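This report concerns only the one structure given below.
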Amino acid sequence: MWSTINQYADSQPKVQIGPRVFKRKDGTASQRKAGRLSMEDLLWFYDIIDEVKGELTILVKPQ
């Protein structure tokens with residue numbers, strides 16, 4: 001996975017995350033982009049990431 005910072009015309013710059021490659025149930029690969037995050041979105045996510053990671057780790061063990 002990778003990220004870039006993009007700005008289109010006069011809009012605010014945003015972080016583009018992805019693409020992420022994953023395997024489907026049938027074994028084929030697929031790519032998805034996670035989307036673009038504004039600075040406000042990114043800071044919000046940064047603030048909650050440890051809590052989210054902790055809760056998710058309880059439900060799904062990392063591979």
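No value in this document is a laboratory result; all are computed from the given coordinates. On a predicted model such as this, the values are computed, not experimentally measured, just so you know. In this analysis, Cβ positions are derived from the backbone assuming ideal geometry, glycine residues included, and neighbour counts consider all displayed protein chains.
Among the residues of the stretch 1-34, the one identified as surrounded by 10 or more Cβ atoms within 10 Å (Cβ to Cβ), farther than 20 Å from PHE45 by Cβ and small (Gly, Ala, Ser) is SER30. Taking first residues from the stretch 13-26 that are free of Cβ contacts under 8 Å to residues at least 40 places away in the same chain and in a loop (DSSP other than H, G, I, E, B) and partners that are surrounded by 10 or more Cβ atoms within 10 Å (Cβ to Cβ) and of a type in the set (D, E, K, R), the Cβ contacts under 6 Å between residues at least 6 apart in sequence or on separate chains come to GLY18/LYS33; PRO19/LYS33. In a residue-by-residue description of the stretch 36-57, the property of being under 12 Å from the mean Cα position of the chain (by Cα), part of a strand (DSSP E or B) and surrounded by 10 or more Cβ atoms within 10 Å (Cβ to Cβ) applies to at least one position.
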